[in-house]
Amino acid sequence: MHRLGGVRPRRPRRKPVGRLVTGVSGRALVLDEPLSLWGGMDPTTGELIDAHHPQRGARLTGRVVVMPSGRGSSSSASVLAEAVRARTAPAAILLGEPDLILAIGSAVAEELYGVAVPIVVLPADRLAAIRDGTALLIGRDGSVKTA
């Protein structure tokens, strides 16, 4: 076997490709409890289907979903990406703490379909100040303003 002097051949570097995420807007849907998209959202309709969630039956499509955190299941990433494909995804998701699974779902959707769902983490006091139905504008820098 031919050795390369202990140096592995380098893979060609891919030039990073990115999209400028433009601002999105929508009416706030403030959830009383965290939600797992896996088993909690029907990606074909955008409906909240978790039988135990207080807002079962609400539509997430085009809304700015506001919740303290996500709730488990790594499969939530695939549900979010599928909702983007089906055009039933929320306009954005505002959280009180980071959620890697939702961020991955948004990144996968952007890679596959060219659309990312903005995921923004806000301090608890700012999150609590958002009222259900409030028109919100999410800037490309992650800023959140009332529209």
field: Scan of segment 102-135 for residues that are of a type in the set (Val, Ile, Thr) and touching a Gly at 6+ places or on another chain (Cβ under 6 Å), ordered by number
entry: Val120
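Are there helices (runs of 4 or more DSSP H) fully within segment 68-147 with at least 2 residues that are more than 14 Å from Val30 (Cα to Cα)? List them. Quick ask: steps written out before the conclusion?
On the way: elements: 76-86, 100-113, 124-128.
Ranges flagged: 76-86, 100-113.
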Selected residue (criterion: farthest from Glu82 (Cα to Cα)) from residues of segment 38-67 that are of a type in the set (Lys, Arg) and in a loop (DSSP other than H, G, I, E, B): Arg56
Pairs with Cβ under 9 Å, 6+ apart, first in segment 31-43 and surrounded by fewer than 19 Cβ atoms within 10 Å (Cβ to Cβ) and at pLDDT below 95, second in a loop (DSSP other than H, G, I, E, B) and among the β-branched types (Val, Ile, Thr): Gly39/Ile49
Those residues of segment 127-142 which are loosely packed, with under 12 Cβ neighbours inside 10 Å and either basic (Lys, Arg) or at pLDDT 95 or above (or both), in sequence order: Ala129, Arg131, Gly133, Arg140
- request: Quick one: in segment 107-147, of everything that is without any contact (Cβ under 8 Å) to a residue 40 or more places away in the chain and acidic (Asp, Glu), which residue is farthest from Pro34 (Cα to Cα)?
  value: Glu111
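The values are calculated or read from the model by the stated rules, or taken from the named source; none is laboratory data. The structure displayed is predicted, hence computed values, not measured ones. With ideal geometry, Cβ positions are generated from the backbone for all residues, glycine too; neighbour counts draw on all protein chains shown.
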